[in-house]
1. Using only alpha carbon positions, build the gyration tensor of the range 1-43, then give the equivalent ellipsoid semi-axes as the square roots of 5 times its eigenvalues, largest first, whole angstrom.
2. Ranked from highest to lowest mean number of other Cβ atoms within 10 Å per residue, what is the order of the peptides 27-38, 9-20?
3. If you take the charge dipole of the chain about its Cα centre, with +1 on Lys and Arg Cβ and -1 on Asp and Glu Cβ, which of Met28, Ile125, Gly45 is farthest toward its positive end?
4. For each of Leu204, Leu5, Leu150, Leu53, count neighbouring Cβ atoms within 10 Å of the residue's Cβ, then give the residues from fewest to most.
5. Work out, in µm²/s and without decimals, the Stokes-Einstein translational diffusion coefficient of the chain at 37 °C, 0.692 mPa s, Rh from Kirkwood over C-alpha pairs.
6. With each pseudo-label sitting 7 Å past Cα toward Cβ, what's the Val69-Trp3 distance in nm, one decimal?
7. Relative to the present Cα-Cα distance, how much length would full extension add between Trp77 and Leu59 at 0.36 nm per residue of separation?
8. Kindly identify the range 116-211 as rounded, prolate or oblate by the Cα gyration tensor criterion: order the square roots of the eigenvalues as a ≥ b ≥ c, call it rounded if a/c is under 1.5, otherwise compare a/b with b/c, prolate if a/b is larger, else oblate.
Amino acid sequence: MAWPLWLVTAPFLMLLALSPGPNNFTAMYNGMQVGPINAVVAALGRNAAYAILMLISALGLGAIIVSSVFWFGIVKWLGVIYLLYIGIKTWRNAGVALDGHGSENVTGSSRHHYSRIQQEFLIGISNPKAILIFTAIFPQLLDLNAPVALQFFVIGVTFILCEFIAAYVYAISGKHIRRLIKSRQGARRLNKGMGSLFVLVSMLLATSSRN
């Protein structure tokens, strides 16, 4: 990919990565709970999912999923159910104290990292909007007079880097929001608010269509 084209494409991909969505809200919540660094580590999950979806799109299978009412619905409802589960779980755990959270060392063990990475992966892989982006938008960024496979790879790597940046931005915002909460009651309400947000996102995903 020529540098002038990349310099135009990269800011656009950054805006896509920064757009509100389930994975970015998850990064915000992780930023509240365990700090930005651990939240960025968790973003490995979403980017593994996106890499798989980009490969599917590059192979042409993404177009099949997007054009098929059945398969698009399967992916969509899996995402809806999982986000609803996270929302309810977060709401029910609202009473868990956040004392000491925000430290980069809190629950930073491999086991907890794996749990958060897995969560980000499942949210990313079950998001049909990601498939739409990789199938419908990415091809429009290609210069058909140059090798397409290499361009798709460069765009994909750029997008993944943008996703790590977006995860950090949302995690930082979550950490600052957490610092504003001074009481246990406030922390409880914050957790309930995030749970409600996940439920809302699941409802919005349920209303989404291939258009």
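1. Details: eigenvalues 158, 25, 8 Å².
Each semi-axis is √(5λ); the values are 28, 11, 6 Å.
2. Working: 27-38: 24.2, 9-20: 15.5.
Peptide ranking by packing, descending: 27-38, 9-20.
3. Met28
4. Numbers: Leu204 13, Leu5 16, Leu150 10, Leu53 24.
The most exposed by this proxy come first: Leu150, Leu204, Leu5, Leu53.
5. On the way: Rh = 17.8 Å.
D, rounded to a whole number, is 184 µm²/s.
6. In this crude label model, Val69 to Trp3 measures out at 5.1 nm.
7. Details: separation 18, 0.36 × 18 = 6.48 nm, distance 2.36 nm.
4.1 nm is the gain from fully extending Trp77 to Leu59.
8. Numbers: a/c = 3.49, a/b = 1.95, b/c = 1.79.
Verdict is prolate for the range 116-211.
Only the coordinates and a few stated rules stand behind these numbers; no lab work does. Quick caveat: nothing in here was measured; it's all calculated off a predicted structure. In this analysis, Cβ positions are derived from the backbone assuming ideal geometry, glycine residues included, and neighbour counts consider all displayed protein chains.
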